[in-house]
Amino acid sequence: MSVYLDNAATTRVSDAAKDAALKAMTEVYGNPSSLHAAGKAARELLQDARRTLCDILSAEERELYFTSGGTESINTALFSAAFKNKHLGKHIVSSEIEHDATLNTLKRLREDGFEVTLVPPERDGSVDINKIKAAFRPDTVLASFMGVCNETGALLPYGEAAAALHKINPRALFHLDAVQLFCKLPLDLENVDLCSFSAHKIGGVKGCGALFVKKGLVLRPLLYGGGQENGFRSGTEALPAVLAFAAAAKNRHAALGDNITHFKDLKKTLLENLDFPYALNSPESSSAHIVNISPQKLRSEVLVRMLSDRGFFVSGGSACSRGKSSHVLKAMRLPRENIDAALRVSFCPENTKEEVTAFCRALSEIIRQE
Ligand code: PLP
């Protein structure tokens with residue numbers, strides 16, 4: 001038996017998503033740009049998928065572009081928005097706990113002459129709206145924040161931040177990284193100009209995502225080529241992955257309320273069944289689908305391997321950090337021993353309380369043996 005509790009890293013492809021992808025790989029496999037009937041059929045399915053996602057987002061179809069995932073969406077959003085606005089100012093605001101897709105893009109923009117202010121988190125992992133507001137200036141032309149932190153589950157006050165940014169500079173653009181929020185919590189795009197999504201965090205296929213660009217906003221593309229996606233994202237559309245994304249999102253969105261309740265139950269079960277001293281590295285008000293704890297005895301990579309040997313899959317931080325200590329926990333100024341021992345447990349709707357209690361038992365055994 002194996003228990004997969006690393007759903008913030010990636011998820012199993014849902015059955016509906018698999019069926020949708022299979023259809024596009026074996027039946028409707030035309031190129032959506034082709035003029036013949038096979039192309040037309042593919043084009044129609046592509047538009048259906050876009051409509052499904054836009055209905056969930058309360059967005060218009062021309063506001064959503066398919067991409068190769070969260071990383072490409074974030075790169076496109078930040079580079080395109082920064083260069084569009086550079087004549088208005090060169091100041092960008094974000095936070096220290098963003099995903100590397102954001103932080104490394106901002107690093108590059110810094111090299112290109114932009115000034116970047118990164119708001120630090122509080123010790124509990126939350127980001128104070130007053131500190132965000134204080135960072136905004138009249139020459140701030142772009143701000144980017146994640147909705148849910150992929151390492152701690154912290155909820156960032158993106159709605160209030162977006163409204164405050166537009167009050168200071170109505171022409172500034174606000175980008176939301178909704179990779180860990182979409183179809184996991186309600187999403188409100190009011191005041192949000194750009195929003196990034198990834199399919200594989202909600203039961204879709206890896207290497208697929210989308211970027212929301214608010215109506216009326218004209219941006220320079222990152223990729224040039226055949227002019228697909230209304231000229232904004234060239235490259236033949238990954239139809240199987242796109243259809244899988246829409247199918248996965250439809251199911252996850254329909255069960256949103258039930259899933260939120262289920263995640264809260266799983267988190268409660270987890271915390272009640274840890275019978276050894278640990279530090280909780282997630283804020284009180286965090287989203288329940290991601291929980292970060294430090295058992296403080298063994299290093300996280302040792303724990304991850306020992307748990308894996310027993311069939312339990314969790315991670316030591318973000319999957320991309322692979323052994324490096326977490327920039328998020330460091331930014332929270334946690335004690336070294338907590339950072340080194342951190343474990344991230346992240347749920348999907350199919351996880352059960354029995355799986356969580358079995359995980360707690362295995363972790364307790366490992367801690368007691370050491
Ligand atoms: N943003 C956040 C918050 C993430 O958790 C991730 C993936 O872990 C990404 C962006 C990157 O998404 P993708 O893996 O689709 O490139």
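Odds and ends about this structure:
Let's see how each residue does on (1) crowded, with 18+ Cβ neighbours inside 10 Å; (2) outside the structural domain of M146 (by TED's automatic domain parsing); (3) hydroxyl-bearing (S, T, Y):
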site: T26; (1), (2), (3): no, no, yes
site: N31; (1), (2), (3): no, no, no
site: H36; (1), (2), (3): no, no, no
site: K40; (1), (2), (3): no, no, no
site: L45; (1), (2), (3): yes, no, no
site: E63; (1), (2), (3): yes, no, no
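- 1 or more residues within 14 Å of the ligand (Cβ to nearest atom) and closer than 19 Å to F182 by Cα: qualifying strands (runs of 3 or more DSSP E) within region 76-161: 140-146
- Residue count for region 336-350 satisfying the condition of being among the aliphatic types (A, V, I, L, M) and more than 19 Å from the chain's Cα centre (by Cα): 3.
- Hits in region 284-321 (condition: at pLDDT 95 or above, under 14 Å from C149 (Cα atoms), in contact with a strand residue (DSSP E or B) (Cβ under 9 Å, 6 or more places away or on another chain) and not hydroxyl-bearing (S, T, Y)): H289, I290, V291, N292
- Pairs meeting the criteria (first residue in region 62-91 and more than 14 Å from E229 (Cβ to Cβ) and in contact (Cβ under 8 Å) with a residue 60 or more places away in the chain, second residue part of a helix (DSSP H, G or I) and more than 16 Å from the ligand (Cβ to nearest atom), beta carbons under 7 Å, at least 6 apart or on different chains) are L78/L109; A82/L109.
- For L165, the requirement of being outside the structural domain of E284 (by TED's automatic domain parsing) and without any contact (Cβ under 8 Å) to a residue 60 or more places away in the chain is not met.
- Qualifying position, being on the phi > 0 side of the Ramachandran plot and touching a residue at least 24 places away in the same chain (Cβ under 8 Å), among G159, G147, G125: G125
- Among the residues of region 332-370, those identified as aliphatic (A, V, I, L, M) and in a loop (DSSP other than H, G, I, E, B) are M332, L334, A341, A342.
- Any hit, region 185-201, residues being surrounded by fewer than 19 Cβ atoms within 10 Å (Cβ to Cβ), without any contact (Cβ under 8 Å) to a residue 60 or more places away in the chain, over 28 Å from V141 (Cβ atoms) and within 22 Å of the chain's Cα centre (by Cα): no
The values are calculated or read from the model by the stated rules, or taken from the named source; none is laboratory data. Computed from a predicted model, the values in this text were never measured in an experiment. Here Cβ is always computed from backbone atoms with ideal geometry, including for glycine, and neighbour counts include all displayed protein chains.
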